[in-house]
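A.B. asks: Questions regarding the structure given below will be posed in turn.
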Amino acid sequence: DAMVIQNPRYQVTQFGKPVTLSCSQTLNHNVMYWYQQKSSQAPKLLFHYYDKDFNNEADTPDNFQSRRPNTSFCFLDIRSPGLGDAAMYLCATSRGDITEAFFGQGTRLTVV
Amino acid sequence: DQQVKQNSPSLSVQEGRISILNCDYTNSMFDYFLWYKKYPAEGPTFLISISSIKDKNEDGRFTVFLNKSAKHLSLHIVPSQPGDSAVYFCAASLGAGGTSYGKLTFGQGTILTVHP
């Protein structure tokens, strides 16, 4: 089945230690997104790629970076995780001509 | 500044009855609205959507109503089933495809519990 896959499902990292979350898709969608969802809050868009074009949301901290080496893969890099970065990170994809986004299962990040 | 709000954190309904989940928004530029369902330990799954040019969209047991003047939308599930128990997120977009594609602004979610 075509899908959006996030690895790992659970990630524990140390305070200040760089961490990378990965996302892959078999839907061949040209747009990929990273959302952050903290407990009992709305998912919040961090940034997205439209094809190779990177688009950062205005309030996304500089601590968060992203890479998209090809259509299928997208990575979220957190350079120096703080305790406040503990959250569920959701990857999503969509075709550029439709609004519905398809989500992966998420990665639960814990910072210790 | 929360542009999409779901003011009911939770809703409990008996099996077979109607579930009504509500959502309010403040940005009048939103013109496409979606509902997502999320089970524990899974990502959100697209459920149903509505464009601002419509006031109702129906898909099986699920109907979404949009009241643009009130900046309010609701999701009706009839009849409710225990398998519908999940978190429901309302989301809004500034453009249907084209301009804003899948950039979504989400509400906080409503936990629906359907009792047998």
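The values are calculated or read from the model by the stated rules, or taken from the named source; none is laboratory data. This structure is a prediction, so every number in the text was calculated from the model and none was measured. Glycine gets a Cβ as well: all are built from the backbone with ideal geometry, and neighbour counts include every protein chain shown. Only protein heavy atoms, including side chains, enter the accessible area calculation; ligands, DNA and RNA are left aside. Shrake-Rupley method; radii C 1.70, N 1.55, O 1.52, S 1.80 Å.
A.B. asks: Check which residues have an amide H placed less than 5 Å from B:Cys23's amide H, if you skip close sequence neighbours.
C.D. replies: Correct list: B:Leu73.
A.B. asks: I would also like to ask the following. I need the fraction of alpha carbon pairs in chain B separated by more than 16 Å, rounded to a whole percent.
C.D. replies: More than 16 Å apart: 57 percent of the Cα pairs in chain B.
A.B. asks: Considering only C-alpha atoms, what is the centroid distance from region B:5-37 to region A:1-51, in Å?
C.D. replies: 25
A.B. asks: Largest first, how would B:Arg17, A:Arg67, A:Arg79, A:Arg9 line up by accessible area (1.4 Å probe)?
C.D. replies: B:Arg17, A:Arg79, A:Arg67, A:Arg9
A.B. asks: Can you work out ³J(HN,Hα) from phi for every residue in region A:68-74, in order, using Karplus 6.51 cos²θ - 1.76 cosθ + 1.60 and θ = phi - 60°, giving whole Hz and x for Gly and Pro?
C.D. replies: 9, x, 7, 4, 7, 10, 8
A.B. asks: Something else about it: What net charge do the residues around A:Asp59 carry, taking every other residue with its C-beta under 15 Å from that of A:Asp59, with Lys and Arg at +1 and Asp and Glu at -1?
C.D. replies: Within the 15 Å Cβ shell, the charges total -1.
A.B. asks: In what sequence, largest accessible area first, do A:Asp59, B:Asp84 appear using a 1.4 Å probe?
C.D. replies: A:Asp59, B:Asp84
A.B. asks: Given the Cα-Cα distance of B:Ile53 and B:Ala41 and 0.36 nm per residue of separation, how much length would full extension add, in nm?
C.D. replies: Contour length minus the Cα-Cα distance gives 0.8 nm.
A.B. asks: Let me ask something additional. If you count, for every residue in A:82-92, the Cβ atoms of partner chains within 10 Å of its Cβ, what is the mean?
C.D. replies: Counting other chains' Cβ atoms within 10 Å and averaging over A:82-92 gives 1.
A.B. asks: Next question. How large is ³J(HN,Hα) for each residue in region A:24-41, as worked out from phi by the Karplus curve 6.51 cos²θ - 1.76 cosθ + 1.60 (θ = phi - 60°), to whole Hz, x for Gly and Pro?
C.D. replies: For region A:24-41, the Karplus curve yields 10, 9, 10, 8, 6, 7, 8, 10, 10, 10, 10, 10, 10, 10, 8, 3, 6, 10 Hz.
A.B. asks: Protein chains only, probe 1.4 Å: how do B:Ile77, B:Ile18 rank by accessible area, largest first?
C.D. replies: B:Ile18, B:Ile77
A.B. asks: With θ taken as phi - 60° and the coefficients 6.51, -1.76 and 1.60, list the Karplus ³J(HN,Hα) couplings across region A:55-67 in order, rounded to whole Hz; mark glycine and proline as x.
C.D. replies: Residue by residue, region A:55-67 yields 10, 9, 6, 4, 9, 6, x, 4, 4, 9, 10, 9, 9 Hz.
A.B. asks: I need the Kirkwood Rh of chain A: take the reciprocal of the average 1/r across all distinct C-alpha pairs and report it in angstrom.
C.D. replies: 14.0
A.B. asks: So how much accessible area does B:Leu104 have, in Å² to the nearest 10, using a 1.4 Å probe?
C.D. replies: 10
A.B. asks: Still on this structure, please answer the following. Toward the positive end of the charge dipole of chain B, about the Cα centre and with charges on Cβ (Lys, Arg +1; Asp, Glu -1), which of B:Leu112, B:Ile50, B:Phe30 goes farthest?
C.D. replies: Towards the positive end, the residue furthest out is B:Phe30.
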